[in-house]
Amino acid sequence: MRRNMYRNSKDTKPNILISAGGTGGHIMPAVTIGSQMEYFSPLYICGDRDIERTIYSNMGIEPFTVKLKNLNLTSIPGIINGIIDSVCLIISRDITSILMMGSYAGIPAGIAGLLTNTPVFLMEQDIIPGRTIKLFSFFSHIVFTGFDSKFRLPGRAKCVFSGHPIPERSEPRNFRPEHLFDNSKKTILVTGGSQGALNMYKKVIESL
């Protein structure tokens, strides 16, 4: 586990551990939430895939990592080691609460929270809750949702509609619309994220 971390400048604030991995669909909302926290100092933890480290690195953040690239039977040693590392992190950094953004990468941190009696909160950005959110809904009191959907969770967690955290807008440098658009033609905006995005883009391009 990496021992560097990202936190607010005011170290007197209590630490909160935000687990977010997988893709930008989890990480971007997590970093946006952390950057807007007034009463907590956020630390981040993710899996060990290149895409996860790249996204955090592009935002100037070096998260703690657990050795997880996927979730199957071969992942059991990584999960166990991740739990041990997460417990050590919670104790050594005096973590007061944990926010799980979904994805398998958060499982070790979530289990470590249960073992150390650290409050665990959930954030589900998708319209259909993932397996990690469903599992930890048995142990969390609240799951914040990005959509005002009426899905039911198997556990005791109460759903609170909070909406999607939106990062502050920044204008790209040296960008001019004419570099990308031909005003004599109709323009189509295609937007998507997570695992299905690439196939969707390919289908749109094929159709055009």
For this session: On the full set of protein chains, 1.4 Å probe, figure out the accessible area of ILE166 and give it in Å² to the nearest 10.
Result: 130
For this session: Evaluate Rg over Rh across the stretch 28-143, taking Cα atoms for both radii and Kirkwood's formula for Rh.
Result: 0.93
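The values are calculated or read from the model by the stated rules, or taken from the named source; none is laboratory data. Computed from a prediction, not measured in an experiment: that's the story for all the values here. Accessible surface is based on the protein model in full, side chains and every heavy atom, while ligands, DNA and RNA are left aside. Shrake-Rupley method; radii C 1.70, N 1.55, O 1.52, S 1.80 Å.
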